[in-house]
Amino acid sequence: MDKKIIFSAIQPTGTFTLGNYLGALQNWVSLQDEYNCCYSIANMHALTVRQQAKDLRANTLNAYALLLAVGVDPQKSIAFIQSHVKCHAELNWVLSCYTQFGELSRMTQFKDKSARHPENVNAGLFTYPVLMAGDILLYQADFVPVGIDQKQHLELARNIAQRFNGIYGDVFTVPDGYYPKLTAKVMSLQDPTKKMSKSDDNPKSYITILDPPETIVKKIKSAVTDSEALVAYREGKDGVNNLMSIYSAVTGRTLEQITEEFAGHGYGDFKQKVGDALAESLRPIRERYAQLMKDRAYLEECYRDGARKAEGVSQRTLDKVYKKIGFLAR
Ligand code: AQP
């Protein structure tokens, strides 16, 4: 039987955080043997927030190197840069004509981001989920490994696909989300009721996967917890729950084992151990990244090859769509 297809993407808006890694990227890596995977650096999505051209260019290359550094293998998976494959922009237009204004108005990310950037509430920010739906549907993805914050967008992608299929027959595979159990939402270290985000104004609120060990330990030590001094996972202990989930993800220990390990210990000890374990687990990524950044020719070869493969797959879907909707062939 053919392998099922996976698609996911990440924006080059800064160095990936621990949230991006545990919520999405770690799954991307582990799924590569069992599935046909397509992974993209979503530089078109990044434009929804004002970017400096020079920075976006550099961040895109850095993000691509990070993708390989975390373990995406460009021989096994298709790893490409979104703007290199024109089908994404083309399908976006078609699908935007099959998406309702009311549906897009309900998207919480649009509401959050427009509140954060009131000076630039652009149409792209509003139609972002349509571009995302097109990204996924072009590859006929069965599963989309993302953090839980993307669930609403994924639901919309499913609705668009079902609506389109309802009119034209089975054009698109209707994708399902694929979420990690414990770390589908890594929370901010400074406000553990909010998700950890790479564009947060306060760098103490997030850990990037390239932070040096001392920085990681320092940020974990200054994480907001509570005054109970009890390492236990339960409602109302958002800060401790977050640190326990992170520790569990990097050590493979269960929450029960962690509770036992720190019975009778204060938060000082606990945070030190979490920080050390995390810093150690990210070490190979930091090292691979440093090596990859010395070999630009290799990175270029990989992303060109990725674009060629992605184009092959996505053009087939786009041709089918154009035929179904009645665009005259050239
Ligand atoms: N805190 C998080 N916990 C779990 N998963 C997360 N993801 C992001 N933050 C967390 C997942 O990472 C993938 C890539 O996200 P993205 O870069 O495309 O956009 P985002 O979700 O908007 O991530 P950020 O870090 O918050 O970026 P900015 O600050 O630029 O908006 C997605 O699968 C997402 O679920």
Cross-link reach list, lysines versus LYS194, counting only Cα pairs under 28 Å and skipping chain neighbours closer than eight places: LYS111, LYS113, LYS151, LYS181, LYS185, LYS204, LYS218, LYS219, LYS221, LYS237, LYS271, LYS273
Taking Cα atoms, the helix 296-325 axis meets the longest principal axis of the chain at an angle in degrees (rounded to 10) of 50 degrees
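Using a probe radius of 1.4 Å on heavy atoms only, what accessible surface per residue do you get for segment 205-255? Whole Å² is fine.
43 Å²
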Using 0.36 nm per residue of separation minus the Cα-Cα distance, give me the extension gain between GLU214 and THR108 in nm, one decimal. 34.6 nm
Can you send over the carbon and sulfur percentage of the accessible area for segment 93-197, probe radius 1.4 Å, protein chains only? 54 percent
Flagged as over-length at 25 Å C-alpha distance, from LYS4/LYS76; LYS86/LYS320; LYS54/LYS309; LYS76/LYS195, the pairs are LYS54/LYS309; LYS76/LYS195
With +1 on each Lys and Arg Cβ and -1 on each Asp and Glu Cβ, and nothing else charged, work out how big the dipole of segment 1-141 is about its Cα centre, in Debye to the nearest 20. 300 debye
Mind checking which of PRO213, THR173, GLY124 is farthest towards the positive end of segment 92-229's charge dipole, using Cβ charges of +1 (Lys, Arg) and -1 (Asp, Glu) about the Cα centre? PRO213
Restricting to DSSP loop positions (anything but H, G, I, E, B) with no more than 14 other Cβ atoms inside 10 Å of their own Cβ, which trypsin sites (Lys or Arg not before Pro) remain in segment 86-161? LYS86, ARG106
Please state the charge dipole magnitude for segment 1-65, taken about the Cα centre, from unit charges on C-beta atoms (+1 on K and R, -1 on D and E), reported in debye and rounded to the nearest 20. 280 debye
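Evaluate the relative contact order of segment 17-125 (contact order divided by residue number), counting alpha-carbon pairs under 8 angstrom at least 6 apart; express in whole percent.
Normalised by residue count, the contact order of segment 17-125 is 33 percent.
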Percent carbon-and-sulfur accessible area, segment 224-330, ignoring ligands, DNA and RNA, probe 1.4 Å: 49 percent
For segment 286-323 and segment 109-171, write down the distance between their C-alpha centroids in whole Å. 22 Å
Gyration tensor (Cα) of segment 173-330, equivalent ellipsoid semi-axes in angstrom: 41, 22, 14
Give me Rg/Rg_expected for segment 238-330, where Rg uses Cα atoms only and Rg_expected = 2.2 N^0.38 Å with N residues. 1.94
SER281 accessible area, 1.4 Å probe, all protein chains in place, Å² to nearest 10: 40 Å²
Assign unit charges at the C-beta atoms only (+1 for Lys and Arg, -1 for Asp and Glu), then state the dipole size of the chain relative to its Cα centre in Debye, rounded to the nearest 20. 840 debye
Any idea what the relative contact order of segment 39-194 is, in percent, if you count C-alpha pairs under 8 Å spaced at least 6 apart? 21 percent
Which of the GluC sites (Glu not before Pro) found in segment 222-315 are in a DSSP loop and have at most 12 neighbouring Cβ atoms, other than their own, within 10 Å? GLU228, GLU235
Where does the chain land at 222 nm, in deg cm²/dmol rounded to the nearest 500, when only DSSP H runs of n ≥ 4 count, each adding -39500 (n - 2.57), divided by all residues? -16500 deg cm²/dmol
Check which residues have an amide H placed less than 5 Å from VAL186's amide H, if you skip close sequence neighbours. MET196
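The values are calculated or read from the model by the stated rules, or taken from the named source; none is laboratory data. Keep in mind that what you see is a predicted model, and the values were worked out from it rather than measured. In this analysis, Cβ positions are derived from the backbone assuming ideal geometry, glycine residues included, and neighbour counts consider all displayed protein chains. Note: areas computed on protein heavy atoms with side chains; ligands, DNA, RNA excluded. Shrake-Rupley method; radii C 1.70, N 1.55, O 1.52, S 1.80 Å.
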